[in-house]
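The values are calculated or read from the model by the stated rules, or taken from the named source; none is laboratory data. Keep in mind the model is a prediction, meaning the values are calculated, not measured. Cβ atoms come from the backbone with ideal geometry, glycine included; neighbour counts cover every protein chain shown. All accessible areas refer to the heavy atoms of the entire protein, side chains included, with ligands and DNA or RNA removed. Shrake-Rupley method; radii C 1.70, N 1.55, O 1.52, S 1.80 Å.
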Amino acid sequence: MSYDSVCEQVKTLPEVCLEDASKYFTFLLYQYNQTKFESLAESEEEFSAKMQKGFDDMKNERVTPLDEAFSEIKRRFA
């Protein structure tokens, strides 16, 4: 199904249904984002090891400039 066909279907809805449709779209987006982030789940040990590595990198001045870091975050999660 294409984006255009979904838009056309939404356009045919009576106005009284638009709020429900909007809530449903919000719910679908929430579900999609939850499944995207499930793969990020890690054990306490993995988390601690990554945090320690990051802390060690900071102490040894192995860092990424802030604008590059935010660009990478936006690229991965946009």
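A few points about this structure:
- Note on the chain: with neighbouring protein chains present and a 1.4 Å probe, carbon and sulfur make up 59 percent of its accessible heavy-atom surface.
- This model, with +1 at the C-beta of Lys and Arg and -1 at the C-beta of Asp and Glu, gives the chain a dipole about its Cα centre of some 140 debye.
- Ignoring the sites themselves, the chain has its longest run without GluC sites (Glu not before Pro) in a DSSP loop having at most 11 other Cβ atoms within 10 Å at 1-41.
- Annotation for region 33-78: trypsin sites (Lys or Arg not before Pro) lying in DSSP loop with at most 16 further Cβ atoms inside 10 Å of their Cβ are R62.
- Computed over the chain, the convex hull of the alpha-carbon atoms projects to a mean area of 8.2 nm².
- With protein chains left intact and a 1.4 Å probe, residues in the chain average 95 Å² of accessible area per residue.
- On the beta carbon distance between R76 and Q9, with R0 = 35 Å, the FRET formula returns roughly 0.65.
- Between the residues F55, F70, A21, the greatest Cα displacement towards the positive end of the dipole of the chain, with unit charges on the Cβ of Lys, Arg, Asp and Glu, is found for F70.
- Multiplying the residue separation of E46 and E61 by 0.36 nm and removing their Cα-Cα distance gives an extension gain of 3.2 nm.
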